[in-house]
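Heads up: the structure comes next, in structure tokens.
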Amino acid sequence: MLVIDDSGDRKDGTATAHVGRQWLGRLGKTDNGIVTVTRVWTDGRIHYPLHAQPYTPAHHFARGRADPDFRTKPQISAALAAQGKQAGFACRAVVADCAYPVSDDWYLALREAGLPYVVALRPHRGSWAPADEPHTPIDAARALTGTDPENPSDWRPIARRFRDGHTETWWAADATLGGYGPNSTCRLVVATSDPGTLPEKATWYLTTNLPHPDAPHAATSTHSPADLAEIVRVYGLRPWIEQSYKQIKDELGWADFQVRSAKAIHRHQTLVNCAFSFCWDQWFAPPVPLDTTAPESCPDERAERGTRHAPPAPTALPAQGLTRRPLLAHPGDQPGPLVAGLDRPRPATRTPSPPRRRHRRKTP
């Protein structure tokens, strides 16, 4: 899957690129800061970033929102998803929360790129419909028959497995709302832990262009059909990625930069993304045997000023294994010796300086 997400960080001042007063999800309020739209690839086992593009508020442009170079966050996210497919990253669906599919242009950009999607809708987002029919996703969910978990009727049980190993039974159903329906090209899927009460924090209202297995157009669609269990599983990866991705970015210093230009900010974010991917690579990289016949990586053949003191021979190599390129040690199989000296650092000792004689100023 390609997961679209954004990360907002508070930044002061007015001279830094991309800074503006906007909603920062991490803080849960509107404040001065930078919001970066990210594109993450995942296969359900690992995830790593593909691209990050900061959002530039309208006041940075000469003509504001009417400037041809201005891009909204949904426009940036749709462009990043299309670029991911052009770069060769195949995906089952593009996954995003309810902050992105706010206009028809977002869906149109994904359709033009030939990308399937599973995105969330706001529960009270209104849709045109006859007066006696549902007008919002939450109304469509309440109109489903069989809210009793013992007799679900429209609802189907879905087993969800979480990272800590425990499982929960959720309920999912195809709802009908305006142009949404199980036989339509756009489906409305409701997933909840309790179909009777539809708890706010445990209910998803999802729209997708993955056809229903029994839909008339399922055989001719460019996307393979998806049942309710697959749609719930696909969207269930987004909260896990969003939470863990933000934690790792904090550890790697995603927002700890003191630069102002757009190019410098982009370089910093690129370095953090490289470090993030390197962590996954080291986690899954198998250990390699020690090559005792490898020559010294940095032979010193030049003369050195002063008396040369040869250091004692090491008892263990801190970085063993094959090198990926010359002059670069690969520490993946021996992390212990590298961090042993940092685990419990000793206090620094300082040689006391001789006492100084104070000169007192004579007063008349």
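Below is a table of values for the structure above.
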read-out: Number of the exception - T136 against (1) over 17 Å from V232 (Cα atoms); (2) of a type outside the set (A, V, I, L, M); (3) open to solvent by less than 60 Å² (accessible area, probe 1.4 Å); (4) out of contact with any Lys or Arg (no Cβ under 8 Å at 6 or more places or on another chain); value: (4)
read-out: Filtered residue count, the range 76-96, keeping only those that are open to solvent by less than 30 Å² (accessible area, probe 1.4 Å) and either farther than 19 Å from P211 by Cα or touching a Ser or Thr at 6+ places or on another chain (Cβ under 6 Å) (or both); value: 7
read-out: Output for the range 10-32, where each listed residue is farther than 14 Å from K246 by Cβ and either open to solvent by less than 30 Å² (accessible area, probe 1.4 Å) or in contact with a helix residue (DSSP H, G or I) (Cβ under 6 Å, 6 or more places away or on another chain) (or both); value: T16, A17, H18, V19, G20, Q22, D31
read-out: Condition met for T185 (more than 30 Å from T36 (Cβ to Cβ) and crowded, with 18+ Cβ neighbours inside 10 Å); value: no
read-out: Matching option when the condition is in a strand (DSSP E or B) and hydroxyl-bearing (S, T, Y), among T36, T56; value: T36
read-out: Some residue of the range 239-254 being farther than 18 Å from T192 by Cβ, at pLDDT 85 or above, out of contact with any Pro (no Cβ under 9 Å at 6 or more places or on another chain) and open to solvent by less than 50 Å² (accessible area, probe 1.4 Å); value: yes
read-out: Within the range 115-133, considering residues that are at pLDDT 85 or above, in a loop (DSSP other than H, G, I, E, B) and open to solvent by less than 70 Å² (accessible area, probe 1.4 Å), the one farthest from R233 (Cα to Cα); value: P123
read-out: Condition check for A191: open to solvent by 20 Å² or more (accessible area, probe 1.4 Å), aliphatic (A, V, I, L, M), at pLDDT 90 or above and out of contact with any Pro (no Cβ under 9 Å at 6 or more places or on another chain); value: no
read-out: G44 being touching a residue at least 24 places away in the same chain (Cβ under 8 Å), open to solvent by less than 50 Å² (accessible area, probe 1.4 Å) and at positive phi; value: yes
read-out: Any chance L198 is part of a loop (DSSP other than H, G, I, E, B), over 26 Å from the mean Cα position of the chain (by Cα), touching a residue at least 60 places away in the same chain (Cβ under 8 Å) and over 23 Å from A93 (Cβ atoms); value: yes
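The values are calculated or read from the model by the stated rules, or taken from the named source; none is laboratory data. Keep in mind that this is a model prediction, so the values were computed, not measured. Using ideal geometry, Cβ is built from the backbone for each residue, glycine included, and neighbour counts are taken over all protein chains shown. Please note that ligands, DNA and RNA were not included when accessible areas were found on the heavy atoms of the full protein model with its side chains. Shrake-Rupley method; radii C 1.70, N 1.55, O 1.52, S 1.80 Å.
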